[in-house]
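The values are calculated or read from the model by the stated rules, or taken from the named source; none is laboratory data. A quick note: this is a predicted structure, and the numbers were derived from the prediction, not measured. Positions of Cβ are backbone-derived with ideal geometry, glycine not excepted, and every protein chain shown enters the neighbour counts. These area figures cover heavy atoms from the full protein model, side chains too; ligands, DNA and RNA do not enter into them. Shrake-Rupley method; radii C 1.70, N 1.55, O 1.52, S 1.80 Å.
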Amino acid sequence: MTRAALSHVSLAPEATAAYYSRTLGLAAAETLDDGTIRLGWGRGFHALELVPGDGLHHFGLELPDERALAALESRLREHGVRAAREVAIGDHPPVLAFRDPDGHRVEAHGPVDRSGEHAADPGRRPIRVHHVTLASPAIARQVAFYEDVLGFRVSDRMGEVFVWLRCSQEHHTVAIVEADAAGLDHYAYEIDSWASLKTWCDELAARDVPLQWGPGRHGPGNNLFVMFDDPAGNHVELSCEMERYWDDAARYEPRRWSPGPKTINLWGPAPAWRSRVAT
């Protein structure tokens, strides 16, 4: 299995920087000449990029070292996937850039400074950016790419409409859900506990940020969650207690869940925007 971790997500528009600072405690770390704003935790690598444009620009995957990057580059080449080594702008290591079958840009890179993480402050800032869920009109093709080409492993499937994939001990770093068009379904930040989740709900309410879903507990992953929307309409999740896998000590087979609202929220119904795969 390819070992990787989500390092950052790059979204549009850049005008939401003040919102993320107010809502999640992200601080501006760097502004690039093209208008890109990088937000982080006050020290270490950034967690979020806000760029001119629309939708998901790219997401980053941190690999352990140059050897792992070279192995991934070889896998991409063997499967006929175009990839390029690029020098990144600003405080960012060089990247191995490529696109998945739905056209999402992925930037793989070596280790980054994560010293700003692991200091959760309930209601003020999460621990780290944690996972992305991609919407896809061709879910089987997308899953095959992440599994067969990138070397991720499938943790869970919900029928043929939702798949969760891992590249670390955590249940998923990338998930893929069926949709009419390709794009970002949601992305998530990790918080530390159920007690913190309650505090977050109160603090979001105090900032006039309404919840769009939750509190709840997902079946696949078993994680607790709430979701809200940023001003651009991106679904943002706060999550904790995600299931872990010990692939070096045990053998796992992907579980198959029945499609339905209880699978994606053991505690209750799904929102209207999730109804396509929850009925």
Candidates Phe145, Phe225, filtered to the one that is among the aromatic types (Phe, Trp, Tyr), open to solvent by less than 20 Å² (accessible area, probe 1.4 Å) and either assigned to a helix (DSSP H, G or I) or in contact with a Phe, Trp or Tyr (Cβ under 7 Å, 6 or more places away or on another chain) (or both): Phe145
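Looking only at strands (runs of 3 or more DSSP E) that lie completely in the range 74-134, which have at least 2 residues being more than 16 Å from Leu56 (Cα to Cα) and open to solvent by 50 Å² or more (accessible area, probe 1.4 Å)?
Values: elements: 83-86, 95-99, 105-109.
By residue number, 83-86.
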Members of the range 149-169 that are in contact with a helix residue (DSSP H, G or I) (Cβ under 9 Å, 6 or more places away or on another chain) and not in a strand (DSSP E or B): Val149, Leu150, Gly151, Phe152, Gly159, Glu160, Val161, Cys167
Where a residue in the range 76-89 is over 28 Å from Glu30 (Cβ atoms) and its partner, wherever it lies, is modelled with pLDDT of 95 or more, with Cβ under 6 Å and at least six apart: Leu76/Ala83; Leu76/Phe98; His79/Val149; Val81/Phe98
In the range 252-278, the residues that are in contact (Cβ under 8 Å) with a residue 24 or more places away in the chain, open to solvent by less than 60 Å² (accessible area, probe 1.4 Å) and hydrophobic (A, V, I, L, M, F, W, C): Ile264, Ala270, Val277
Scan of the range 163-178 for residues that are open to solvent by 10 Å² or more (accessible area, probe 1.4 Å) and either modelled with pLDDT under 95 or hydrophobic (A, V, I, L, M, F, W, C) (or both), ordered by number: Trp164
Residues within the range 199-214 that are under 23 Å from Val132 (Cα atoms) and either among the charged types (D, E, K, R) or in contact with a Ser or Thr (Cβ under 8 Å, 6 or more places away or on another chain) (or both), tallied: 2
